[in-house]
Each structure stands twice: as structure tokens, then as C-alpha cells.
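**Q** Before I ask anything, here is the structure I am working with.
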């Protein structure tokens, strides 16, 4: 799932700057293979959950673009995502920006190829078979640099951290 997600991000147009945080098994190899930046050292709770404050602080220091995005590593993004973020950003011009995406839960057992031919099939599957995730479970945010300059030390994956972002 994670490899499919990262590959979908790398196929977006324009290709975004991708930084994968965490040292989970296989992350370094997948990042190297897909040509994305890997940052293995992130502050964690005693149980191993990533701290949101460290992740967001480091992302804003490392990334070069004005618009940043946080996405859980199992979120496949399609071209409409880039188009929507660009449209909202142009509309708001210099205003702070926060876009929250509703996810659709779909089982993807196969490895998605690197050509992008899978996108129409996945979008059709999402429309026909997937169910929307709960409205309170937020897995993708796009935002302007500096919007989240002081994030509390939430554990990513625990209840409520994502709702604080809104």
C-alpha cells in the first residue's frame, strides 16, 4: 500500500517534492527506488508513534515549495488532487490555505504500475466499491508554508491530532 501511494505521488504533474518520514522496514529501499527523499529520524513516542510537531517542523524546513502537503503513507493521490490544490491556491492568492481531503477506503491488492494506466481503473473502483472514510478521520492536508508553525506534540495515528489541524 505504501509503495503504491508513494508511486502515485511521484506520478503527479507537476511532480511534487516528496519527503517520506520514518524508518519503517522497506521505507529506505522504496524511497531510493522511486527517487524520493527519505528522512528516517523523526521524534517518536515511547510506543513508536511519530510526533506531529517534529514532522511538520522538519518538513517545513526541508521543503522548498510554498504549498506543502501531509498525506498518510497509504493515500493514493490522483491528478485531480494537484488540480484542486492549484485552483484553490489561485483563488485565494496570498491568503493562508488549508485543504482537507476526504478519503475513500478501497482495497488495492495489486501493485500499481508506474505508467499511470491504473488511475482510471482505481477511480472507477473507488466510485463503485469504496466507502468514504469517517468524516473525522483526516489523512491528507495541503497548506501554505507557516500555517502550522506551532503544532502540539501530538502522536500521529492517535485520536484527535488530525482534527486539531482544522
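The values are calculated or read from the model by the stated rules, or taken from the named source; none is laboratory data. All of these numbers come straight from a predicted model, not from anything done at the bench. FYI the Cβ positions are ideal-geometry reconstructions off the backbone, even for glycines, and counts take in every protein chain you see.
**Q** Quick check, is residue 43 in contact with a strand residue (DSSP E or B) (Cβ under 7 Å, 6 or more places away or on another chain) and modelled with pLDDT of 95 or more? Walk me through it before giving the result.
**A** On the way: in contact with a strand residue (DSSP E or B) (Cβ under 7 Å, 6 or more places away or on another chain): yes; modelled with pLDDT of 95 or more: yes.
Criteria met by residue 43.
**Q** Please find, within the range 113-157, the residue that is farthest from the chain's Cα centre (by Cα) out of those that are surrounded by 13 or more Cβ atoms within 10 Å (Cβ to Cβ) and assigned to a helix (DSSP H, G or I). Working first, answer last.
**A** Taking the range 113-157 and keeping what is surrounded by 13 or more Cβ atoms within 10 Å (Cβ to Cβ), we get 116, 118-119, 122-123, 125-126, 130, 133, 137-145, 147-148, 151, 154-157.
If we keep only those that are assigned to a helix (DSSP H, G or I) as well, we get 118-119, 122-123, 125-126.
Details: 118: 19, 119: 17, 122: 18, 123: 18, 125: 21, 126: 18 Å.
So, considering only residues that are surrounded by 13 or more Cβ atoms within 10 Å (Cβ to Cβ) and assigned to a helix (DSSP H, G or I), the one farthest from the chain's Cα centre (by Cα) is 125.
**Q** Then there's this: Using the structure shown, decide if residue 97 is over 20 Å from residue 21 (Cβ atoms), in contact with a helix residue (DSSP H, G or I) (Cβ under 7 Å, 6 or more places away or on another chain) and touching a residue at least 40 places away in the same chain (Cβ under 8 Å).
**A** Numbers: over 20 Å from residue 21 (Cβ atoms): yes; in contact with a helix residue (DSSP H, G or I) (Cβ under 7 Å, 6 or more places away or on another chain): yes; touching a residue at least 40 places away in the same chain (Cβ under 8 Å): yes.
So residue 97 fits the description; yes.
**Q** Could you grab me the full set of residues in the range 100-111 that are in contact (Cβ under 8 Å) with a residue 60 or more places away in the chain and not in a loop (DSSP other than H, G, I, E, B)?
**A** Here is the first cut: in the range 100-111, the ones in contact (Cβ under 8 Å) with a residue 60 or more places away in the chain are 100, 108, 111.
Once the filter is applied, which keeps residues that are in contact (Cβ under 8 Å) with a residue 60 or more places away in the chain and not in a loop (DSSP other than H, G, I, E, B), the range 100-111 yields only 100.
**Q** Check off (1) under 22 Å from residue 146 (Cα atoms); (2) out of contact with any helix residue (DSSP H, G or I) (no Cβ under 8 Å at 6 or more places or on another chain) for residue 102 and give me the number that stays unchecked.
**A** Status for residue 102: all satisfied but (1).
**Q** Quick one: which of 94, 47, 65 is closer than 19 Å to residue 10 by Cβ and loosely packed, with under 12 Cβ neighbours inside 10 Å?
**A** One residue alone meets the criteria, 65.
**Q** Just give me the residues in the range 45-96 being within 13 Å of the chain's Cα centre (by Cα) and outside any helix (DSSP H, G or I), in sequence order.
**A** If the condition is that a residue be within 13 Å of the chain's Cα centre (by Cα) and outside any helix (DSSP H, G or I), then 67, 68, 69, 70, 71, 72, 73, 74, 75, 76, 77, 78 are the ones that fit.
**Q** For the range 4-19, state whether one or more residues are surrounded by 14 or more Cβ atoms within 10 Å (Cβ to Cβ), in contact with a strand residue (DSSP E or B) (Cβ under 6 Å, 6 or more places away or on another chain) and modelled with pLDDT of 90 or more.
**A** Within the range 4-19, one or more residues are surrounded by 14 or more Cβ atoms within 10 Å (Cβ to Cβ), in contact with a strand residue (DSSP E or B) (Cβ under 6 Å, 6 or more places away or on another chain) and modelled with pLDDT of 90 or more.
**Q** Could you list all residues from the range 97-111 that are surrounded by 13 or more Cβ atoms within 10 Å (Cβ to Cβ) and either within 17 Å of the chain's Cα centre (by Cα) or under 20 Å from residue 14 (Cβ atoms) (or both)? Steps first, answer last, please.
**A** Restricting attention to the range 97-111, the residues satisfying the condition of being surrounded by 13 or more Cβ atoms within 10 Å (Cβ to Cβ) are 97-101, 103-104, 106, 108.
97, 98, 99, 100, 101, 103, 104, 106, listed by residue number.
**Q** Look through the range 20-44, keep the residues that are assigned to a helix (DSSP H, G or I) and free of Cβ contacts under 8 Å to residues at least 24 places away in the same chain, and return whichever of them is surrounded by the most Cβ atoms within 10 Å (Cβ to Cβ). Can you show your working first?
**A** Restricting attention to the range 20-44, the residues satisfying the condition of being assigned to a helix (DSSP H, G or I) are 27-34.
From what is left, the residues that are free of Cβ contacts under 8 Å to residues at least 24 places away in the same chain are 28-29, 32-33.
Working: 28: 14, 29: 11, 32: 10, 33: 12.
Selected residue: 28.
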